[in-house]
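The values are calculated or read from the model by the stated rules, or taken from the named source; none is laboratory data. Everything numeric in this text was worked out from a predicted model, so none of it was measured. Virtual Cβ from ideal backbone geometry, glycine too; neighbours counted across all protein chains shown.
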Amino acid sequence: MYKLLIIDDEKNLVNVMRINFEKKGYNVRTANNGTDGLELFKKFLPNCVLTDLRMPDINGVDVLKAIKRIDFDIPVIIITAYGSVEKAVNAVKLGAYDFISKPFDFEKLHKMIKEAIDMYLIVRNEKSYLSSAIERAFPGMVGKNKKMKEIFNTIADISDSSANILITGGSGTGKDLIARTIHYVSKRKSAPFIVINCAAVPEDLLEAELFGYEKGAFTGAINLKPGLFEVANGGTIFLDEIADMSPRLQAKLLTAIQNREIRRVGGVITISIDVRFITSTNKSIEKEVQEKRFRDDLYYRLNVIRINLPLLRQRKEDIPLLASFFTKKYSQKNEKKMKGLTENALTKLMSYNYPGNVRELENIIEKAVILEKGEYVTEKSIELDISEYGANHERNPDFISVRSNIPLEKGFEHFTKLYNDIEKEILIRILIKYPNESNQKLAEHLGINRRVLELRLKKHNLNKKEL
Ligand SMILES: Nc1ncnc2c1ncn2[C@@H]1O[C@H](COP(=O)(O)OP(=O)(O)OP(=O)(O)O)[C@@H](O)[C@H]1O
Ligand SMILES: [Mg+2]
């Protein structure tokens with residue numbers, strides 16, 4: 001039974017939610033202010049926390065921060081009143097799982113909570129408790145981005161079909177992982193899953209691997225060897241880097257898929273095969289087709305179902321989940337007892353572009369976990385590759401990069417606006433970087449005096465607490 005903690009000062013709303021969630025089988029505890037909520041949190045150890053943003057004593061953001069310090073992974077969902085979405089978005093940047101605005105639909109909230117708890121259990125590696133069959137199928141995959149959720153749903157929907165699948169996406173976005181997952185949730189799961197990288201093997205060898213050969217088919221063919229299509233019978237074959245397959249093999253593969261049968265190299269008999277083809281590439285396959293390097297007829301056969309993985313920088317909201325997941329993974333692997341990441345570490349991770357996508361994030365965390373002596377991954381042990389692209393500053397939270405074209409017409413109007421934007425950005429960043437420092441100290445960091453700092457904060461309507 002999942003434990004849910006609800007913190008909100010609107011007593012009626014809290015009671016209605018409690019009744020509804022109890023009907024769904026949750027063990028619910030409630031608090032009407034932040035202080036009681038935090039006390040209860042420590043005793044009750046919930047699987048998920050739902051908290052209001054504005055409360056009389058401690059606000060929701062501080063509740064969130066306090067919870068994250070006790071248990072980094074617990075999903076915290078923010079309830080916001082109409083008009084404070086911006087603050088809720090900031091809370092998500094600080095590690096809240098998601099937010100929902102009042103008035104909300106109970107079923108929508110329930111779905112959000114169920115998903116959040118499932119992700120939490122995956123991160124914790126406690127997947128055997130996952131609430132639904134679909135989620136149980138994704139033991140090693142996390143993500144809450146909308147596109148990623150659509151992909152998870154697609155995988156669940158196609159688990160009973162044998163349609164061919166083409167997976168595209170940049171390097172390190174998770175194509176391999178998706179292919180494996182698809183196999184292991186399909187009805188083919190007890191038959192083999194075979195992977196071959198078409199770019200890594202020379203053409204003749206690839207042909208021999210895939211189709212097999214008869215004894216004496218070529219010099220060196222001392223014995224008959226069944227090909228991978230035969231070995232994978234009843235299962236799935238994953239052809240990685242398909243765009244690099246030679247034209248001759250493309251033709252042969254097309255025939256095999258169309259006729260569902262193959263002939264071994266040097267053989268005469270046809271052998272029928274029953275395999276599902278999953279292919280992948282990080283090239284633009286449509287461009288390969290257009291430029292006639294890839295056969296369009298084969299493309300149509302392979303592209304029956306398409307999964308296109310977004311780049312990591314297009315789903316930055318997944319970074320906290322992934323970072324936490326990898327922290328757990330490498331902490332276990334290195335026999336450490338890491339609890340999570342610090343707020344500054346997350347801010348730093350969020351500022352980076354990830355040309356190497358999820359794999360790069362995984363490597364960064366692995367290194368950090370090894371370097372780290374304490375219980376948390378801190379920003380100091382996170383090493384980002386700032387040599388990439390030359391746009392170093394954009395990725396470094398300690399720098400603000402400015403590139404702008406100011407037209408001469410109304411030049412000073414544009415300049416004033418730019419000046420104000422930069423001023424605001426500097427203030428926000430410094431407040432995020434040193435959330436607990438006095439105005440005096442903050443002003444010293446910025447090289448201005450306290451009075452000036454306070455005037456500027458006021459000018460931009462910035463409130464230390466709310467950030
Ligand atoms: N959503 C995810 N959740 C957890 N781990 C992930 C996720 N996506 C990718 N990974 C991990 O990131 C690493 C890279 O993923 P994978 O090898 O599947 O990428 P790829 O797209 O096949 O890369 P390449 O283009 O280089 O072949 C793997 O260790 C994988 O387990
Ligand atoms: Mg791969």
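Any residue at all in the range 167-184 that's more than 16 Å from ligand 2 (Cβ to nearest atom), part of a loop (DSSP other than H, G, I, E, B) and modelled with pLDDT of 90 or more? Full working, then the answer.
Here is the first cut: in the range 167-184, the residues more than 16 Å from ligand 2 (Cβ to nearest atom) are 184.
With part of a loop (DSSP other than H, G, I, E, B) added as a condition, the list becomes none.
Checking the range 167-184: not a single residue is more than 16 Å from ligand 2 (Cβ to nearest atom), part of a loop (DSSP other than H, G, I, E, B) and modelled with pLDDT of 90 or more.
A quick yes/no check of all residues on (1) farther than 30 Å from Asp157 by Cα; (2) at pLDDT below 85:
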position: Lys68; (1), (2): yes, no
position: Val76; (1), (2): no, no
position: Lys87; (1), (2): yes, yes
position: Phe104; (1), (2): no, no
position: Met119; (1), (2): no, yes
position: Ile134; (1), (2): no, yes
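If you go through the range 230-252 one residue at a time, do you hit one that is surrounded by fewer than 17 Cβ atoms within 10 Å (Cβ to Cβ), among the hydroxyl-bearing types (Ser, Thr, Tyr) and not in a loop (DSSP other than H, G, I, E, B)?
no
Condition test on Ser272, is it under 30 Å from Ile222 (Cβ atoms), more than 16 Å from ligand 2 (Cβ to nearest atom) and polar (S, T, N, Q)?
Values: under 30 Å from Ile222 (Cβ atoms): yes; more than 16 Å from ligand 2 (Cβ to nearest atom): yes; polar (S, T, N, Q): yes.
So Ser272 fits the description; yes.
Quick check on the range 251-265. Is at least one of its residues closer than 30 Å to Pro310 by Cβ and either of a type outside the set (A, V, I, L, M) or touching a Ser or Thr at 6+ places or on another chain (Cβ under 9 Å) (or both)? Write out each step before concluding.
Taking the range 251-265 first, the residues closer than 30 Å to Pro310 by Cβ are 253-254, 257.
Restricting the remaining residues to those that are either of a type outside the set (A, V, I, L, M) or touching a Ser or Thr at 6+ places or on another chain (Cβ under 9 Å) (or both) gives none.
Checking the range 251-265: not a single residue is closer than 30 Å to Pro310 by Cβ and either of a type outside the set (A, V, I, L, M) or touching a Ser or Thr at 6+ places or on another chain (Cβ under 9 Å) (or both).
Taking Glu362 and the conditions (1) farther than 23 Å from Pro75 by Cβ; (2) at pLDDT 90 or above; (3) surrounded by fewer than 19 Cβ atoms within 10 Å (Cβ to Cβ), which numbered condition does it fall short on, given that it satisfies the others?
Tallying (1) farther than 23 Å from Pro75 by Cβ; (2) at pLDDT 90 or above; (3) surrounded by fewer than 19 Cβ atoms within 10 Å (Cβ to Cβ), Glu362 fails exactly one: (1).
Residues being among the hydroxyl-bearing types (Ser, Thr, Tyr), away from ligand 1 (no atom under 16 Å from the Cβ) and surrounded by fewer than 19 Cβ atoms within 10 Å (Cβ to Cβ): count how many of those fall in the range 270-309. Outline the logic, then answer.
Let us first name the residues in the range 270-309 that are among the hydroxyl-bearing types (Ser, Thr, Tyr), namely 270, 272, 279-281, 284, 299-300.
Going one step further and asking which of them are away from ligand 1 (no atom under 16 Å from the Cβ), we end up with 270, 272, 299-300.
Those left that are additionally surrounded by fewer than 19 Cβ atoms within 10 Å (Cβ to Cβ): 270, 272, 300.
Count: 3.
So which helices (runs of 4 or more DSSP H) stay within the range 287-379 end to end and still have 2 or more residues that are in contact (Cβ under 8 Å) with a residue 40 or more places away in the chain, within 16 Å of ligand 2 (Cβ to nearest atom) and not assigned by TED's automatic domain parsing to the domain that holds Lys65?
Details: elements: 296-302, 319-333, 343-350, 357-371.
Result: 357-371.
In the range 334-354, which residues are closer than 19 Å to Gly172 by Cβ and more than 12 Å from ligand 1 (Cβ to nearest atom)?
The first filter runs over the range 334-354 and keeps only residues closer than 19 Å to Gly172 by Cβ, leaving 349-354.
Leu349, Met350, Ser351, Tyr352, Asn353 - these are the residues of the range 334-354 that are closer than 19 Å to Gly172 by Cβ and more than 12 Å from ligand 1 (Cβ to nearest atom).
Report, ordered by the first and then the second residue, all pairs with beta carbons closer than 7 Å, sequence separation of six or more or different chains, a first member in the range 232-261 that is within 16 Å of ligand 1 (Cβ to nearest atom), and a second member that is of a type in the set (Val, Ile, Thr) and part of a helix (DSSP H, G or I).
Ala243/Ile285
Could you tell me whether the range 405-426 includes any residue that is within 21 Å of Asn59 (Cβ to Cβ) and either more than 33 Å from the chain's Cα centre (by Cα) or among the aliphatic types (A, V, I, L, M) (or both)? Spell out how you get there, then give the answer.
So in the range 405-426, the residues within 21 Å of Asn59 (Cβ to Cβ) come out as none.
No, there is no match, as no residue in the range 405-426 is within 21 Å of Asn59 (Cβ to Cβ) and either more than 33 Å from the chain's Cα centre (by Cα) or among the aliphatic types (A, V, I, L, M) (or both).
Looking at Leu322, Leu311, Leu302, Leu298, which one is touching a strand residue (DSSP E or B) at 6+ places or on another chain (Cβ under 8 Å) and within 24 Å of Ile165 (Cβ to Cβ)?
Working: Leu322 fails: touching a strand residue (DSSP E or B) at 6+ places or on another chain (Cβ under 8 Å); Leu311 fails: touching a strand residue (DSSP E or B) at 6+ places or on another chain (Cβ under 8 Å); Leu298 fails: touching a strand residue (DSSP E or B) at 6+ places or on another chain (Cβ under 8 Å).
After applying the criteria, what remains is Leu302.
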